[in-house]
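To start, the structure under review is shown below, and the notes come after it.
Nothing in this text is a laboratory measurement; each read-out follows from the coordinates by a stated rule. These numbers were taken from a predicted model, which means no experiment stands behind them. Positions of Cβ are backbone-derived with ideal geometry, glycine not excepted, and every protein chain shown enters the neighbour counts.
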Amino acid sequence: MPIIKKLTSRYSEDFKNSIVALHQTGRSANSLAKEYNVSVSTVTKWVKQGDPENTDELSSRERLLIKENQRLKEEIDILKRAAVLLAKN
């Protein structure tokens with residue numbers, strides 16, 4: 001009978017968030033990996049996932065929302081310019 005592994009997270013979200021927070025205070029991924037017995041690549045991945053400016057780790061839905069947000073900002077800018085032009089006349 002084959003053994004089926006459950007796909008559960010090895011580390012809790014709180015643990016991941018605390019590692020990311022420590023990294024943001026200036027600790028290196030290397031030192032955190034050694035201290036908490038986690039691979040450097042795992043720490044680096046968590047840091048990238050925790051960075052809102054990093055679009056590499058975003059879902060397709062989040063990427064679509066970012067594009068829509070940029071489009072809406074452009075529309076607002078165009079409307080502001082139009083309002084200025086109409087106010088001059």
*Could you let me know the centre-to-centre spacing of segment 66-89 and segment 18-47, using Cα atoms, in angstrom?*
42 Å
*Per residue of segment 63-75, in order, report the coupling 6.51 cos²θ - 1.76 cosθ + 1.60 (Karplus, θ = phi - 60°) as ³J(HN,Hα) in whole Hz, putting x for Gly and Pro.*
5, 4, 5, 5, 4, 5, 4, 4, 4, 5, 5, 5, 4
_Order by protection proxy (mean Cβ within 10 Å, highest first), peptides 69-76, 18-25, 33-40, 82-89_ = 18-25, 33-40, 69-76, 82-89
